[in-house]
Amino acid sequence: MKVLAGMSGGVDSAVAAARAVEAGHDVTGIHLALSRNPRSYRSGARGCCTIEDSNDARRAADVIGIPFYVWDLSAEFHEDVVEDFLDEYAAGRTPNPCLRCNEKIKFAAVLEKGLALGFDAVATGHYAQLRRAPESQGGLIEMHRAVDDGKDQSYVLGVLDQRQLAHSLFPLGDSTKPEVRVEAERRGLLVADKPDSHDICFVADGDNAGWLREKLGDRAPNEGGDIVDDDSGEVLGRHEGTYGYTIGQRKGLRIGRPAPDGKPRFVLDIEPVSGTVTVGPRERLAVHSLRGIRPRWCGAVPDTLAGPGVSVQLRAHGEELPATVRVLGDQGDGADEVAVELHEPAYGIAPGQAVVVYDGTRVVGSATISATDRVAADGGARTR
């Protein structure tokens with residue numbers, strides 16, 4: 001096959017490209033330029049869209065012996081990922097830009113361009129596994145968790161549909177990260193010991209609030225407001241903008257005085273219009289059910305998923321939670337909605353995050369969380 005190998009400049013994508021060559025594919029390496037001026041987003045080695053990363057990717061391609069090109073997708077990245085990130089925070093939600101980047105850039109814009117140029121598939125360094133189901137079960141391409149639980153990235157790939165999976169390769173899914181580093185060193189790849197990137201790639205130094213404050217400008221929903229205790233209604237402090245807070249946050253709350261009961265306080269609710277941030281005890285964060293919108297299915301659209309093995313993941317590195325998942329069908333706007341009943345509570349879950357559904361190790365699909373149900377201060381239910 002003719003394969004495009006996405007090369008971020010890290011060790012994973014370099015080894016994935018090398019393995020694609022070793023498997024007999026005709027491989028071309030590409031690095032995505034996600035900003036016309038990389039320093040407008042960030043610099044240094046903490047992200048994945050720096051000048052240093054581009055140079056590392058080119059050197060790896062030279063060692064592997066494959067053609068290498070840089071593709072400018074800065075306009076698409078800014079519109080579909082960065083602007084979406086800003087809009088979501090302005091609305092009081094908590095987005096996951098990595099999922100959006102995989103959906104809109106790496107497996108949409110790149111794949112479509114690659115197919116148009118005559119390529120058959122895109123290979124990346126993501127840790128996930130692809131398997132073809134038996135013909136008796138439809139013969140679809142299934143995505144499963146990687147063998148390395150600590151590196152599994154199926155959560156951020158839960159936005160891929162069947163067509164995209166059919167044109168994808170994940171050569172690292174059956175390996176552990178230490179094995180990949182050893183292989184990179186054996187192959188003479190200089191990125192063998194390069195640290196992993198952990199932060200949002202376009203946010204300098206991981207300072208989310210500071211970056212949002214600078215970039216939102218007139219779109220900022222407010223310039224400050226009260227931090228209010230959920231139990232007593234007392235104003236415990238002031239903040240400089242709701243976009244600097246997420247549901248479940250404990251640190252950096254700027255509470256000027258202790259809560260009446262002396263317990264630690266966590267962010268329970270964010271109201272971007274009034275500018276009010278409501279805080280309360282951790283137990284008030286317990287979510288027992290949630291709704292999801294804009295579902296994307298990796299295969300056939302399910303009806304109800306229940307029983308042993310059915311679970312959801314609510315964070316990129318979060319644990320699996322047993323659940324019952326129902327697809328509610330057209331809710332009047334031409335789109336399906338997903339209802340998830342958690343069999344045990346989850347904490348700090350916010351609208352805008354993704355819920356990814358699993359059946360055993362198989363990824364069924366994902367949706368964007370639109371509302372969560374929690375216990376209110378008066379003992380009733382609170383929907384956020």
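Results, tabulated for the structure shown:
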read-out	value
Rg and Dmax of the chain, Cα atoms only, in Å	21.9, 67
Rounded if a/c under 1.5, otherwise prolate or oblate - the range 2-206, Cα gyration tensor axes	rounded
Value of relative contact order over the range 227-303, rounded to a whole percent, pairs C-alpha under 8 Å and six or more apart	29 percent
Charge sum, other residues only, whose C-beta stays under 10 Å from residue 260's C-beta, Lys/Arg counted +1 and Asp/Glu -1	-2
Relative contact order (percent, whole number), the range 248-352, Cα cutoff 8 Å, 6+ residue spacing	27 percent
Around residue 149: net Lys/Arg minus Asp/Glu count, Cβ-Cβ under 12 Å	-1
Long-range lysine pairs (8 or more apart or interchain), the chain, Cα under 26 Å	15
Sequence-separation-based contact order of the chain, relative, with Cα cut under 8 Å and 6+ spacing, percent	15 percent
The range 221-283: antiparallel DSSP beta bridges as a percent of all, rounded to 5	75 percent
Residue exposure sequence - 31, 288 - by fewest surrounding Cβ within 10 Å	288, 31
Structure-based [θ]222 nm, the chain - -39500 (n - 2.57) summed over DSSP H runs of at least 4, per residue, nearest 500	-5000 deg cm²/dmol
Folded to 0 to 90 degrees: helix 51-64 orientation relative to the chain principal axis, Cα	30 degrees
Rounded to 10°, Cα long-axis angle of helix 177-186 versus longest principal axis of the chain	30 degrees
Protection proxy ranking of 245-254, 353-362, 84-93 - average other beta-carbon atoms within 10 Å, highest first	353-362, 84-93, 245-254
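Each reported figure results from applying straightforward, stated rules to the coordinates on display, with no laboratory input. Worth saying up front: this structure is predicted, and the values here are computed from it rather than measured. Note that each Cβ is placed from the backbone with ideal geometry, even for glycine, and that neighbours are counted across all protein chains shown.
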